[in-house]
Every structure is written in C-alpha cells, then in structure tokens.
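Worksheet for the structure shown next.
What follows draws every value from the coordinates through simple rules; no lab data is involved. These numbers come from a predicted model, not from an experiment. Quick reminder, even Gly has a Cβ in these numbers, built from the backbone with ideal geometry, and neighbours come from all protein chains shown.
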Amino acid sequence: MDVMHRLEREGHVATLTLDRPEAANALCFPMLLHLRAELEALRHDRDMRVLVVTGSGSKAFCAGADLKERAGMSPDQVRRFLVEIRGLMDDVAAMPCPVVAALNGLALGGGTELALAADIRIAADHALMGLTETSLGIIPGAGGTQRLPRLIGLPRAKELVFTARRVAMDEALAIGLVQQVVPGADLATAVATMVARIAANAPRAVEMAKWAIDRGSDTDLRTGLELEERAYATIIPTRDRLEGLAAFREKRPPIYTGE
Ligand code: COA
C-alpha cells in the first residue's frame, strides 16, 4: 500500500509531512491508518521533544478529507472514516510533547481541524484556513465544532462554520487562529526557531505544563489548580529540575536530559 506521508527525525524533533501533493495532501482512508500508526509509535518515544506536522509542497497543508474517495463510500464507510479522522486529530492533540503545525499552504476542512489539534500554528502568509464543511452539506467532523470555539471564541467560530468561508492569514493572526505568520520562504526557519526554543527546555516540564494547560482548560479554576499541583509534583523529583537550579547558580545554559 502506498505511503502518503514522510516522517523525519532530527535530534529530539520529529517532522510528519503529509505527502500527497497531487491531491492537495487530502486525507484518504489508508493515509489515516498510516498516520495513526505513526503517532502511536511517536507517543511512546520519550526522547522526542517536539512534533512538527506539515504538508509537502507550498500549495496545501491539507485539503481535508479526500472528497473523491468519499464519493464512492457507503454511509457505513463514511462513519468508519469519521471514527478514524476524529481519532487522528485526538492522537495529535494527545501527544505528550508539544505539536507545532507548520501551515505551508491552504488548510481546509480536516486540514484546519488538523491544525487545531496542534498546540501552536505557524503559517506561511499565503496559507488559507477554513471549515468549509457546511458548504459541502456536512459539518466539521474531526473536532472542528469543539476546538475552534475553544480557540477563538463562540461567536467567531459560529460565523466561520456557518459561512464556511476561507480565512486569510492576516485575519487568522488577528483572531488568534495562528500564532505567527511569515513569508513562505521563511516558514522553515520560523518553525525551526520556535521548535529549538521549546526543545531546549526541560522535556518533562514542558510535557507536564502541556498536560496541566490542556486538562485544566476543560474544567473549573479550582480543579485546574489542583491539576497544576499534581503536575508540579511529578516534576519535583526530576534531575532536570536540579540541573535548572545548578545552571542558574553557575550562570550557564542548562543541559536537560529528560530525567
Ligand atoms: N479531496 C480529494 N482531492 C482533492 C481535494 C480533496 N479534499 N482537494 C483538492 N483535491 C485535488 C483536486 O481534485 C485536484 O486533483 P485533479 O487535478 O486530479 O482534479 C488537485 O487536488 C488540485 O486541486 P484543484 O482544485 O485543481 O486546485 P485549485 O488550486 O483550483 O484548488 C482547493 C485547490 C484545495 C482549494 C480545491 O481543490 C478545494 O476547494 N478542495 C476542497 C477542499 C475542501 O473543502 N475540503 C474540505 C473537505 S471536508
């Protein structure tokens, strides 16, 4: 079976690239299964500090679900597809380490949902985002109705979902849909800079901070603060915590090992 993605590893950073440029990197069923298997392995890799998700070429990050494949599917097959695509987004969101979406081009439907499942979005200035589903007679089915309002607020999310319109990157930046927009030629450098900053920090601390933010944002403040306390407790016995203190005392950069 054709593999329609690439996984590259450089030090503590893995880059997962959707590699189906002839179909605007749209997600077909076999691709979903391969990507999910890849993420399952990455999830258990304690040496990884950041995952970057991107698309090949400069046109598309991901044009969402494969609409040509969809046309030949029975309702049951569509349901099965939805389980897998929702699962893919959940797998991305549940990665212990931070996930950076590098938006190299348009991200529509499931492409935007994939970007929403990441922790940080950095985009090329020609990228476009949009939950286009209602214009296709469906609704966002891979987390879009839930993750978009949590990110940009209910009224804006409703407007974008109801109109199905495409959002250019100046607007995306203004409403917090992406964190950073750079010229396309500078995307790789901007992503590498962000990734290097994250990867230089204590990996277990970053991981537990992500855990506390994610779990806490779904709950009330009191419960969230208790989650933070629990997260902190797991960090106290780490060697990296002592390394941070030693590096501060010795006025040198810390060298973290993840222990
Ligand atoms: N599923 C399957 N194939 C797709 C696709 C999708 N979601 N999106 C694009 N493609 C294919 C096109 O069919 C075309 O293939 P072809 O040359 O064999 O016909 C190729 O990718 C290039 O797309 P094309 O439409 O020719 O380029 P464009 O620059 O005019 O437009 C898009 C690109 C992505 C804007 C346009 O194809 C589009 O709107 N796609 C649908 C995106 C969408 O709404 N996705 C949400 C799904 S829920």
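Some observations on this one:
- Electrostatic tally near residue 162: other residues with Cβ closer than 15 Å to its Cβ, Lys and Arg +1, Asp and Glu -1, net +2.
- Cα gyration tensor category, rounded, prolate or oblate, for segment 1-40 with a/c compared to 1.5: oblate
- Residue 55 long-range amide H proximity, modeled H, under 5 Å: 18, 104
- Using alpha-carbon coordinates, inclination of helix 187-199 to the longest axis of the chain, degrees: 40
- In the chain, helical runs assigned H by DSSP with n ≥ 4 each contribute -39500 (n - 2.57); averaged across all residues and rounded to the nearest 500, the mean residue ellipticity at 222 nm is -15000 deg cm²/dmol.
- Inter-centroid distance (Cα atoms) of segment 74-131 relative to segment 238-257, Å: 36
- Cβ-derived FRET efficiency at R0 25 Å, residue 93 paired with residue 58, nearest 0.05: 0.45
- Remark: the chain is approximated by an ellipsoid whose semi-axes, taken from the C-alpha gyration tensor as √(5λ), come to 32, 20, 19 Å, largest first.
- Gained length - residue 247 relative to residue 193, 0.36 nm times residue gap less alpha-carbon distance: 17.2 nm
- Most fluctuating residue given options 72, 64, 216, as computed from a GNM of the chain linking Cα atoms under 10 Å: 72
- Rounded tilt (10° steps) of 154-163 against the dominant C-alpha axis of the chain: 30
- Summarising the strand pairing of the chain, around 25 percent of its internal DSSP beta bridges are antiparallel.
- Using the Karplus relation 6.51 cos²θ - 1.76 cosθ + 1.60 with θ = phi - 60°, the per-residue 3J(HN,Hα) values for segment 23-34 come to 10, 6, 6, 5, 8, 9, 4, x, 5, 4, 5, 5 Hz, with x marking Gly and Pro.
- In a DSSP loop and with at most 10 other Cβ atoms within 10 Å, the GluC sites (Glu not before Pro) in segment 178-256 are 250.
- Backbone amide hydrogens, once placed in the peptide plane, bring residue 5 within less than 5 Å of 19, excluding anything fewer than 5 places away on its chain.
- When the Gaussian network model of the chain links Cα atoms closer than 10 Å, the mean-square fluctuations of 26, 123, 200 top out at 200.
- Segment 92-211 shape via C-alpha gyration tensor axes, a/c threshold 1.5: oblate
- Candidates 83, 50, 178: whichever shows maximal mean-square fluctuation once the chain is modelled as a Gaussian network with Cα springs under 10 Å: 83
- Amide H contacts of residue 167: 129, 130, each under 5 Å away and 5 or more positions distant or on a separate chain (H built 1.01 Å from N in the peptide plane; Pro and chain starts excluded).
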